[in-house]
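**Q** Before I ask anything, here is the structure I am working with.
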Amino acid sequence: MAFRRNLKRKSSEEDGDSFAFPLDELNQDLLEKILSWLPTSTFLRLTSVSKKWKSAATSPAFHIACSQITSRDPWFYMVDSSSLSSPFVYDSSEMNWKKFLTYPSNFLEKNQKNDSNFLPVAASGGLLCFHNSEKGEFVIFNPVTSTCRKLPLVDYCNTLCAIGMISTQESYKLFLVFGEFPNLSFRVYNSVTNLWEESAIMSRKFSSCPAAESYSTDEEDDDDGRMLYFLGKCGNVIATEIQKTPCKQYSSIITKNGCTGQEILYFLNSNGKVVVCNFAEKYFFEYPRLLPLSHEYSIDLVECVGELLVVVLSEFLETASLRVWKFDEKSWIWNQVLAMPAAISHEFYGKKVDINCTGGDGEKMFVCISNAAGESCRYFLCNLVGNEWTELPACSVDGYNRKFSCAFSFQPRIEASV
């Protein structure tokens, strides 16, 4: 009997071993390919499992395996309205807030208020771009690895209108649009050469679309740089010039033309029109204004699957609505594509809130809604495919809810090189 029990015990142990999956016994290349499929936050936690796993984080083969993952759930880098000293991100894959970012010691120079002179201004792929307006410096930063590169100094001489960035697996470009509207120029930084290209002047183009001929040009005079004022419904004097948070002051959206591969940049001018810049052909033009000059609203741009979307929060007939619009260049009109449920948007009626939005992985849009005084901040994640809106919980630290003014979307990529 004892002999049979031993055989049975041995058989059970063998069966248990046959179902075990000894990852550490895999060769390094295969292990790194498996680890590359893990969500970035999960991989970072598991680097403490063993030295072999930790070494994968700096392995060139692991970085190549990670680069073959076409898309990762976005993280949203949150901008505090008062300080950059405690950066947070919202992880859309794990649906939680994280405070893990570490800035390099030589990155964030401090001013007299012990805060950074660098502000985030653009994002693409796994990278963020920071700008020091006092010195005209730009820094590219990977929030996951905390690596950064300070770009060569650039002289753009005129008023900065827009900053945009676009990246691939191997390189990235930074675009600056500057000048006094409508006299615009641009410069491009290319990471491959580590040089700024020479500045180029853009000509103003008017649409040849037949539908645009009926579009009134009477309002062209309001784009000559003058600020117009009107009396709001509450008796307040309102300026027609678009007011933006410091980080969103130069924000833009860059897409690539599917047929030609040309890089197209979109930004809001001071009067609320969307300006379209074609860098390859060196011209720009404007879409018609979405709402009349005398209408009170908050507006921002997002990118979704390579297309421009415009988000507008406005008030009309004792209610507030948040709607998403897309421009049809064939018919030369704006079309509404989706809207926040009225039960949610109406809560913002009369509260003078500002919206700051950013795209995600093509299906997600992050919306930060806050008032100018920073008294209230709410955050929503919208699934653009199903028009599903989810309000995110507050970011609570030691019982205190952090308040953010805007966000920048990036993919958490260990392999993204600055």
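Conditions (1) at pLDDT 95 or above; (2) outside the structural domain of VAL79 (by the TED database); (3) closer than 19 Å to SER417 by Cβ; (4) touching an Asp or Glu at 6+ places or on another chain (Cβ under 6 Å), marked per residue:
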site	(1), (2), (3), (4)
SER133	no, no, no, no
GLY136	no, no, no, no
VAL139	no, no, yes, no
VAL144	no, no, yes, no
LYS150	no, no, yes, no
CYS161	no, no, no, no
PHE186	yes, no, no, no
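**Q** Which members of the stretch 232-268 meet the condition of being over 21 Å from PHE181 (Cβ atoms) and at pLDDT below 65?
**A** Result: GLY232, LYS233, CYS234, GLY235, ASN236, VAL237.
**Q** Given the conditions (1) surrounded by fewer than 12 Cβ atoms within 10 Å (Cβ to Cβ); (2) not in a loop (DSSP other than H, G, I, E, B), report the number of the one that SER71 does not fulfil.
**A** Of everything listed in (1) surrounded by fewer than 12 Cβ atoms within 10 Å (Cβ to Cβ); (2) not in a loop (DSSP other than H, G, I, E, B), SER71 misses just condition (2).
**Q** Give the stretch 350-379 a look and list any residue that's at pLDDT 90 or above and surrounded by fewer than 19 Cβ atoms within 10 Å (Cβ to Cβ), or say none.
**A** ARG378
**Q** Of all residues in the stretch 27-58 being open to solvent by less than 20 Å² (accessible area, probe 1.4 Å) and without any contact (Cβ under 8 Å) to a residue 40 or more places away in the chain, which is nearest to THR147 (Cα to Cα)?
**A** First pass over the stretch 27-58, keeping only residues open to solvent by less than 20 Å² (accessible area, probe 1.4 Å): 31-32, 35-36, 40-41, 43, 56.
Narrowing the set further to residues that are without any contact (Cβ under 8 Å) to a residue 40 or more places away in the chain leaves 31-32, 35-36, 56.
Numbers: LEU31: 25, GLU32: 21, LEU35: 21, SER36: 20, ALA56: 17 Å.
Ranking the qualifying residues of the stretch 27-58, first place goes to ALA56.
**Q** Kindly indicate whether THR70 is modelled with pLDDT of 80 or more, over 30 Å from PRO246 (Cβ atoms) and within 19 Å of the chain's Cα centre (by Cα).
**A** Spelling it out, THR70 is indeed modelled with pLDDT of 80 or more, over 30 Å from PRO246 (Cβ atoms) and within 19 Å of the chain's Cα centre (by Cα).
**Q** A follow-up question, please. Conditions: (1) of a type in the set (Asp, Glu); (2) open to solvent by 20 Å² or more (accessible area, probe 1.4 Å); (3) at pLDDT 85 or above; (4) touching a strand residue (DSSP E or B) at 6+ places or on another chain (Cβ under 9 Å). GLU94 meets all but one. Number of the miss?
**A** So the condition that GLU94 fails would be (4).
**Q** In addition: Restricting attention to the stretch 291-346, and to residues there that are charged (D, E, K, R) and in contact with a strand residue (DSSP E or B) (Cβ under 8 Å, 6 or more places away or on another chain), which single residue is modelled with the lowest pLDDT? First the steps, then the outcome.
**A** Within the stretch 291-346, the subset charged (D, E, K, R) is 296, 300, 303, 307, 315, 318, 323, 326, 328-330.
Filter again for in contact with a strand residue (DSSP E or B) (Cβ under 8 Å, 6 or more places away or on another chain), leaving 296, 300, 303, 307, 315, 323, 326, 328.
Numbers: GLU296: 75, ASP300: 93, GLU303: 90, GLU307: 89, GLU315: 88, ARG323: 95, LYS326: 95, ASP328: 93.
Once the filter is applied, the top-ranked residue is GLU296.
**Q** Continuing with this model, one more query. Can you say whether SER207 is of a type in the set (S, T, N, Q), modelled with pLDDT of 70 or more and open to solvent by 40 Å² or more (accessible area, probe 1.4 Å), as far as the supplied structure shows? Before you say what the answer is, go through the steps one by one.
**A** Values: of a type in the set (S, T, N, Q): yes; modelled with pLDDT of 70 or more: yes; open to solvent by 40 Å² or more (accessible area, probe 1.4 Å): yes.
Judged against the criteria, SER207 is a match.
**Q** Something else about it: Checking ASN271 against (1) free of Cβ contacts under 8 Å to residues at least 40 places away in the same chain; (2) assigned to a loop (DSSP other than H, G, I, E, B): exactly one of these is not met. Which one?
**A** (1)
**Q** Search the stretch 261-303 for residues being open to solvent by 20 Å² or more (accessible area, probe 1.4 Å) and basic (Lys, Arg), and hand back the single one that is farthest from GLU315 (Cα to Cα).
**A** This residue is LYS282.
**Q** From the list SER185, SER207, which one is in contact with a strand residue (DSSP E or B) (Cβ under 8 Å, 6 or more places away or on another chain) and assigned to a loop (DSSP other than H, G, I, E, B)?
**A** SER207
The values are calculated or read from the model by the stated rules, or taken from the named source; none is laboratory data. As the structure is a computational prediction, the values presented were derived from the model and not from experiment. We place every Cβ from the backbone using ideal geometry, glycine too, and count neighbours over all the protein chains shown. All accessible areas refer to the heavy atoms of the entire protein, side chains included, with ligands and DNA or RNA removed. Shrake-Rupley method; radii C 1.70, N 1.55, O 1.52, S 1.80 Å.
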